[in-house]
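Trainee: Take this structure, written in structure tokens, and hold onto it; I'll ask about it next.
FYI, it's all coordinate maths here, none of it is from the lab. The structure presented is a predicted model; accordingly, all values stated were derived computationally and were not measured. As a convention, Cβ positions derive from the backbone with ideal geometry for all residues, glycine included, and neighbour counts pool all protein chains shown.
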Amino acid sequence: MAIATINPATGETVATFTALTDAEITEKLDRADRAFLAYRRTLLVQRTRWLHNAADILERDAERLGAIITLEMGKPIKEAISEVRKCTSVCRYYADNAPEFLADQPVDTDAKFSYVAYQPLGIVLAVMPWNFPLWQVFRFAAPALMAGNVGLLKHASNVPQCALAIESILLEAGFPMGAFQTLLIGASQVADVVRDDRVKAAALTGSEHAGASLGSIAGECIKPTVLELGGSDPFIVMPSADLEKAASVAVIARLLNTGQSCIAAKRFILHETIADEFLAKLTEKFAALTIGDPKDPTTDIGPLATPTILEDIDRQVQACLAAGAKAAIGGSRLDRPGNYFAPTILTDLPPGCAAYSEEFFGPVALTFRVPNLEAAIDLANSTVFGLGASAWTMIDVEQKQAIDQLDAGAVFVNGMVKSDPRLPFGGIKKSGYGRELARQGIHEFVNIKTVWIGD
Ligand code: NAP
């Protein structure tokens, strides 16, 4: 895939970039390696100051950065600006809390004194996706840099200007040269970077295929990884739920970022007694959305990020329709330039069609009817994914059943699945492993060192 900025709303190629050569990659690795030797010795209090500066820069430049996101991957501008603001929150969260998360933990043993220390590993490679091009990177970079690691970013090939902007922000914030560098490289160049002895660990957010590829190479080299992969999150609605509220939240849960989110609610599993009423509300709300130019602040639904994403979602929807599913609304591409697909609700999905097993990465709600909560949980758990799950019920025992029995990295009751710096984020099954964010996230890429001191 060429490294380029291609406007998803028009198809116009705005800028192209040349991938780094092997020699240039080596130079960046050398610089990162040298930077680590000095950076690991910087005081944590100094690192927290730099991260606070980064938060201030993100706040100051939210509109400029939001415009780059919108240009490169088509996110409606109001969402792009709030993505930048969310990055400020993760920077401030780790700047404020890293000293506590990384403090030595005394442990009572037979030693005169023993404790657990958290020390950096070295260079950590981050391979990141385009769908939240700033948020995904800052939620990696903030804890990694606080822990004393240095970062290398291989961003998705369609968001090079976002990638370069992130490096500039961190440099302007005061982080030393080499502490965080962007590598403009293609996917095929990642393996050699992972294999380089100076790279000590890697994180990847993206598809199952990319995760398996990076994870297997890192495994051969015995390097830790965190993989945040795909999802097909269920959104279960039971009769006791506040249907109006559930339907309003469902629209955001499915259509935020034009449906291109790993934790989007993708399968709406509805109790049969409220399914018609819920569907009527959902359809009405989908119909009221403004589809348009992502630069327009009134736009709710923009283009998909690339022609490939558009082709994939179109193929999946047409296959479901051909198998007998019905479209309550939408069901096709929009007849306009750019990668636009109509917000779609599919019903009557025949067992065995793609909706039961594949991730739908676009503005398409898949709906299913079930007779009871057991059937809802069985259907929810029947995919290879296990990222998030949302369950709507006012009944305590049903809430407990959903929390206990849904196979997912997160269960949200009467709310949509979302990321929050204070809560760990990650999946199980083919949605990946490891956790980002919160205390757990900063402990993924550290040497948890046992210290024992005798008399
Ligand atoms: P993708 O193709 O896997 O791309 C993600 C990143 O991996 C890009 O930087 C890409 O580079 C790189 N890449 C691709 N193939 C690779 C390989 N074989 N080895 C090393 N790197 C490789 O993912 P996508 O389809 O663009 O993104 C959407 C997917 O990401 C969805 O499945 C979504 O659910 C998932 N996602 C998960 C989370 C989460 O937190 N769990 C968050 C967001 C997205 P190029 O761009 O150069 O190909």
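Trainee: What size of dipole, in debye to the nearest 20, comes out for the stretch 335-455 about its Cα centre when the only charges are +1 on Lys and Arg C-beta atoms and -1 on Asp and Glu C-beta atoms?
Mentor: In debye, rounded to 20, the stretch 335-455 gives about 340.
Trainee: So if we plug the beta-carbon distance of ALA212 and ARG422 into 1/(1 + (r/R0)^6) with R0 = 41 Å, what FRET efficiency do we get, rounded to 0.05?
Mentor: 0.85
Trainee: Could you list log10 I(q)/I(0) for the stretch 123-200 at q = 0.13, 0.16, 0.19, 0.25 Å⁻¹, which the Debye formula gives when each Cα is one point scatterer?
Mentor: Scattering profile of the stretch 123-200, log10 relative to I(0): -0.34, -0.53, -0.76, -1.29.
Trainee: OK, next. Residue farthest toward the positive end of the dipole of the chain, with Cβ of Lys/Arg at +1 and Asp/Glu at -1: which of LEU279, ILE329, LEU20?
Mentor: About the Cα centre, the residue reaching furthest to the positive side is LEU20.
Trainee: Same structure, new question: Quote the charge dipole size of the chain about the Cα centre in Debye, to the nearest 20; the model charges only the Cβ of Lys and Arg (+1) and of Asp and Glu (-1).
Mentor: Approximately 680 debye in magnitude.
Trainee: Further, regarding this structure: Antiparallel versus total DSSP beta bridges in the chain: what percent is that, nearest 5?
Mentor: If I count the DSSP bridges inside the chain, around 40 percent turn out antiparallel.
Trainee: Compute the separation of the alpha-carbon centres of the stretch 165-181 and the stretch 429-443 and state it in Å as a whole number.
Mentor: Between the Cα centre of the stretch 165-181 and that of the stretch 429-443, the gap is 24 Å.
Trainee: Along the stretch 192-206, what does the Karplus equation 6.51 cos²θ - 1.76 cosθ + 1.60 (θ = phi - 60°) give for ³J(HN,Hα), rounded to whole Hz, x for Gly and Pro?
Mentor: Once θ is set to phi - 60°, the couplings for the stretch 192-206 become 5, 5, 4, 6, 4, 4, 6, 7, 9, 6, 8, 10, 9, 10, x Hz.
Trainee: Next question, about the same structure. How large is the convex hull of the C-alpha atoms of the stretch 234-353 per residue, in Å³?
Mentor: Roughly 109 Å³ of hull volume per residue.
Trainee: For the stretch 361-427, which trypsin sites (Lys or Arg not before Pro) pass both filters: DSSP loop (anything but H, G, I, E, B) and at most 15 other C-beta atoms within 10 Å?
Mentor: Qualifying residues, ordered by number: ARG422.
Trainee: Just to confirm my numbers, what's the Cα centroid distance between the stretch 107-134 and the stretch 253-323 in Å?
Mentor: 38
Trainee: Also: Provide the gained length on full extension for the span ILE222 to ILE453, in nm with one decimal, where the gain is 0.36 nm per separating residue minus the Cα-Cα distance.
Mentor: Once the chain is fully extended between ILE222 and ILE453, it gains 80.2 nm.
Trainee: Using θ = phi - 60° and the Karplus curve 6.51 cos²θ - 1.76 cosθ + 1.60, what whole-Hz ³J(HN,Hα) does each residue of the stretch 372-380 get, with Gly and Pro shown as x?
Mentor: Listing the rounded values in order: 7, 5, 4, 5, 5, 5, 4, 5, 4 Hz.
Trainee: Further, regarding this structure: Ordered by packing density, taken as the mean number of other Cβ atoms within 10 Å over each peptide's residues, highest first, how do 346-353, 243-250 rank?
Mentor: 243-250, 346-353
Trainee: May I pose another question? With a Förster radius of 45 Å, plug the Cβ-Cβ distance of GLN189 and THR298 into 1/(1 + (r/R0)^6) and report the FRET value to the nearest 0.05.
Mentor: 0.65
Trainee: Using only DSSP helix segments of four residues or longer, with each worth -39500 (n - 2.57), what per-residue ellipticity at 222 nm results for the chain after dividing by its residue count and rounding to 500?
Mentor: Helices in the chain give a 222 nm mean residue ellipticity of -12500 deg cm²/dmol.
Trainee: Oh, and also: When DSSP assigns beta bridges and you keep just the ones with both residues in the stretch 233-420, what percent turn out antiparallel, to the nearest 5?
Mentor: 15
Trainee: To continue, here is another question. Could you tell me which of LEU289, VAL446, PHE361 has its Cα farthest along the dipole of the chain towards the positive end, charges placed at Cβ (Lys, Arg +1; Asp, Glu -1), taken about the Cα centre?
Mentor: Highest projection toward the positive end goes to VAL446.
Trainee: Considering the alpha-carbon set of the chain alone, what are its Rg and its Dmax in angstrom?
Mentor: Cα radius of gyration and Dmax of the chain are 22.6, 78 Å respectively.
Trainee: If packing is taken as the average count of other Cβ atoms within 10 Å, what order do 385-398, 39-52 fall into, highest mean first?
Mentor: So the peptides 385-398, 39-52, ranked by packing, come out 385-398, 39-52.
Trainee: Can you give the FRET efficiency for SER114 and ARG34, using 1/(1 + (r/R0)^6), R0 = 35 Å, r = Cβ-Cβ distance, to the nearest 0.05?
Mentor: Computed FRET efficiency for SER114 and ARG34: 0.55.
Trainee: Treating only the Cβ atoms of Lys and Arg (+1) and Asp and Glu (-1) as charged, compute the dipole magnitude of the stretch 233-420 about its Cα centre; round to the nearest 20 debye.
Mentor: Here the size comes out at about 360 debye.
Trainee: I would also like to ask the following. Show me the ranking of peptides 226-235, 162-171 by mean Cβ neighbours inside 10 Å, starting with the highest.
Mentor: Packing order, densest peptide first, comes out as 226-235, 162-171.
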